[in-house]
Amino acid sequence: MQTETLTQPLEKTNSKIITLKINGVETQISLKPWVSLLDCLREYLDLTGTKKGCDHGQCGACTVLCDGKRILSCLTLAVMKDGSEITTIEGIATGNGLHPLQKAFIEHDAFQCGYCTPGQICSAIGMFNEGKAKTEADVKELMSGNLCRCGANTNIINAIMEVKNGGDHE
Amino acid sequence: MNDFNFYQSKAPVDAIQEISSLENAKYIAGGTNLIDLLKYNLLTVEELVDVNHLKSESVKELENGAVLLDAFSTNADTAYHPIIEDRYPLLSKAILAGASAQIRNMATNGGNLLQRTRCYYFYDANTPCNKREPGSGCSAINGYNRNMAILGTSESCIAVFPSDMCIALSALNATVNVSGPDGERKIDFTDFHRLPGDRPHLDNNLQPNELITGIELPEKGFVSNYSYLKLRDRNSYAFALVSVATAMDLEDDLIKDIRIALGGVAHKPWRVKAAEDFLIGKTATRDNFAAAAEMIIEGATSYEFNSFKIELAKRAIIRNCLMALHPETQLPGAQPSA
Ligand SMILES: Cc1cc2nc3c(=O)[nH]c(=O)nc-3n(C[C@H](O)[C@H](O)[C@H](O)COP(=O)(O)OP(=O)(O)OC[C@H]3O[C@@H](n4cnc5c(N)ncnc54)[C@H](O)[C@@H]3O)c2cc1C
Ligand code: SF4
Ligand code: FES
Ligand code: FES
């Protein structure tokens, strides 16, 4: 064993100050470039609604909206999003009322453990914004980046379809 | 991930200059592949040079009838662009068959061409892998090689190139525009990616620090007869075991022009000109497609767990060429038509 391993590696003085507008609130934060947007939200800003599942882009649990588009917060660096508007599950409900999707998820029993739910809801809102889902088959395909380990998928799709057909997703 | 610096570049020349001044830096675009590799410590960098701000119009029609895809625009913006949906539907379908909506919103066109293989052993730093560590050996050849290549392999590496978009770009005879320390050049799509040979650590023929700035599509987009079929372990959000892009130009029943490109079978998108030439002037029948499939798969070699791919690829070619006769029956996610 070499003695060098006992000394801490020199820390680079490379933190960046970035501004993110998160759920309508402008937030300045100083971060190392390697901090993912997901860790920035959860560990630095205490916004723990966004979940970390795989941390490698494979499950969709970390989905947030960035400038209105759904992205995976685990596969992006916070510094890359300097100046962007981020919406997390904490910013979905308006005033005292739940978002129609949140209501539909409750009505349709669209979750069991609830771990995938924030990502599912942000992803569905992103899908509505994209305007490309016409049929239920499209919805299934376009929601396929969000996995549910509890197997609530059928009810999730039902909840989304109800809101889609009800037209109150805007 | 190791600690690194971050530089937001403002123009292609600026990005190239910055990266050329460093020992060990990388461009970062969507980050969907690079950040994953950094997280697994398969890669360490001194600095990331962010190229996202170089983004301009995602799709542009050029004077000569060709169309230019911006390298820094996202896969989603490209696939859903009206010009791509109308004039290059094969490309649109192939992009939409890849990854998930979230990833396509992040992944860029340039980054898609440079994504690395999904070979499990490449991703597992505890195993030998010539692509990750030249000279260390290949764990896949005698390992669990179900996903691996059947064409163009070498003793050094049997990995496949995982992109969907690139299979369509190959069929469309695209050209890659690059800019580097020595100026600009264009690379034919067939010459962009390379076979493993004895240097599998090189995925393509890009020179160090070269930046992809655009992808050019020739005027001919095959709007009437095309299909992209992607066969995989689950119907969505998985890499291809075998995929086929067919672009066909028919006059009555006769094939005037045809391109067949395969994904999931080799280190690069796979095309066999002799098979395409054989079909030109013939009728669009199952028998003719079957004969072409034999020519495309000729010389295939399989390993312990992937011999099924040889028959699968032949059937996929035939099926997809038939599907190209009725592109309107294609299901979302490049699933087989009903
Ligand atoms: C879970 C998961 C599933 C996926 N499934 C599929 C799938 O089914 N089909 C599929 O095709 N893909 C799939 N992908 C891969 C995805 O499409 C690629 O990761 C993506 O296209 C890479 O683009 P990017 O912009 O994010 O690249 P980055 O990760 O930013 O970069 C990738 C590489 O390209 C270099 N680079 C980026 N832009 C340029 C440029 N302009 N010039 C020079 N170098 C550049 C970077 O330095 C890096 O080495 C999947 C990815 C994930 C995480
Ligand atoms: S197939 Fe290629 S990428 Fe996979 S272990 Fe062998 S050398 Fe590495
Ligand atoms: S935590 Fe980001 S996709 Fe799984
Ligand atoms: S409800 Fe448990 S993971 Fe979806």
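The values are calculated or read from the model by the stated rules, or taken from the named source; none is laboratory data. Bear in mind that the values here come from a model prediction, so they are computed numbers and not experimental data. Positions of Cβ are backbone-derived with ideal geometry, glycine not excepted, and every protein chain shown enters the neighbour counts. In case anyone asks, the SASA skips ligands and DNA or RNA and just uses the protein heavy atoms, side chains included. Shrake-Rupley method; radii C 1.70, N 1.55, O 1.52, S 1.80 Å.
For this structure, a couple of remarks:
- Inside the stretch A:120-168, residues that are closer than 22 Å to A:LEU38 by Cβ and more than 9 Å from ligand 4 (Cβ to nearest atom) make up a count of 13.
- Every condition in (1) within 13 Å of B:PRO269 (Cα to Cα); (2) within 15 Å of ligand 1 (Cβ to nearest atom); (3) open to solvent by less than 10 Å² (accessible area, probe 1.4 Å) is met by B:LEU172 except one, and the failing one is (2).
- Top-ranked residue in the stretch A:56-95 [being in contact with a strand residue (DSSP E or B) (Cβ under 8 Å, 6 or more places away or on another chain) and among the charged types (D, E, K, R); ranked as nearest to the other protein chains (Cβ to nearest Cβ)]: A:ARG70
- Among the residues listed as A:GLY60, A:GLY49, the single one being within 14 Å of ligand 3 (Cβ to nearest atom), under 10 Å from the mean Cα position of the chain (by Cα) and on the phi > 0 side of the Ramachandran plot: A:GLY60
- Residues of the stretch A:46-64 satisfying the condition of being away from ligand 1 (no atom under 13 Å from the Cβ) and surrounded by 18 or more Cβ atoms within 10 Å (Cβ to Cβ): A:LEU47, A:GLY49, A:THR50, A:LYS51, A:LYS52, A:VAL64
- Criterion violated by A:MET143 - all others in (1) within 13 Å of another protein chain (Cβ to nearest Cβ); (2) touching a residue at least 40 places away in the same chain (Cβ under 8 Å) satisfied: (2)
- 3 or more residues surrounded by 22 or more Cβ atoms within 10 Å (Cβ to Cβ) and charged (D, E, K, R): qualifying helices (runs of 4 or more DSSP H) within the stretch B:1-105: none
- Test for A:ALA133: is it assigned to a loop (DSSP other than H, G, I, E, B), more than 18 Å from the chain's Cα centre (by Cα), within 14 Å of chain B (Cβ to nearest Cβ) and aliphatic (A, V, I, L, M): yes
- Test: residue in the stretch B:322-333 that is at pLDDT 95 or above, in contact with a helix residue (DSSP H, G or I) (Cβ under 9 Å, 6 or more places away or on another chain) and open to solvent by 20 Å² or more (accessible area, probe 1.4 Å): yes
- Selection status of A:ASN165, more than 16 Å from ligand 3 (Cβ to nearest atom) and more than 19 Å from A:GLU107 (Cβ to Cβ): no
- Test: residue in the stretch B:26-39 that is within 12 Å of another protein chain (Cβ to nearest Cβ) and among the charged types (D, E, K, R): yes
- Residue list for the stretch B:261-275, restricted to those being in contact with a strand residue (DSSP E or B) (Cβ under 8 Å, 6 or more places away or on another chain) and not small (Gly, Ala, Ser): B:LEU262, B:VAL265, B:HIS267, B:LYS268, B:PRO269, B:TRP270, B:ARG271, B:VAL272
Residue-wise test of (1) in contact with a Cys (Cβ under 9 Å, 6 or more places away or on another chain); (2) within 16 Å of ligand 4 (Cβ to nearest atom).
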| site | (1), (2) |
| --- | --- |
| A:THR19 | no, no |
| A:ILE22 | no, no |
| A:SER30 | no, no |
| A:GLY49 | no, yes |
| A:GLY60 | yes, yes |
| A:ARG70 | yes, no |
| A:LEU75 | yes, no |
| A:ALA78 | yes, no |
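- Scanning the stretch B:107-114 for residues that are assigned to a helix (DSSP H, G or I) and more than 15 Å from B:ILE215 (Cα to Cα) turns up nothing.
- All of (1) open to solvent by less than 10 Å² (accessible area, probe 1.4 Å); (2) hydroxyl-bearing (Ser, Thr, Tyr); (3) not in a loop (DSSP other than H, G, I, E, B) hold for B:SER163 with one exception: (3).
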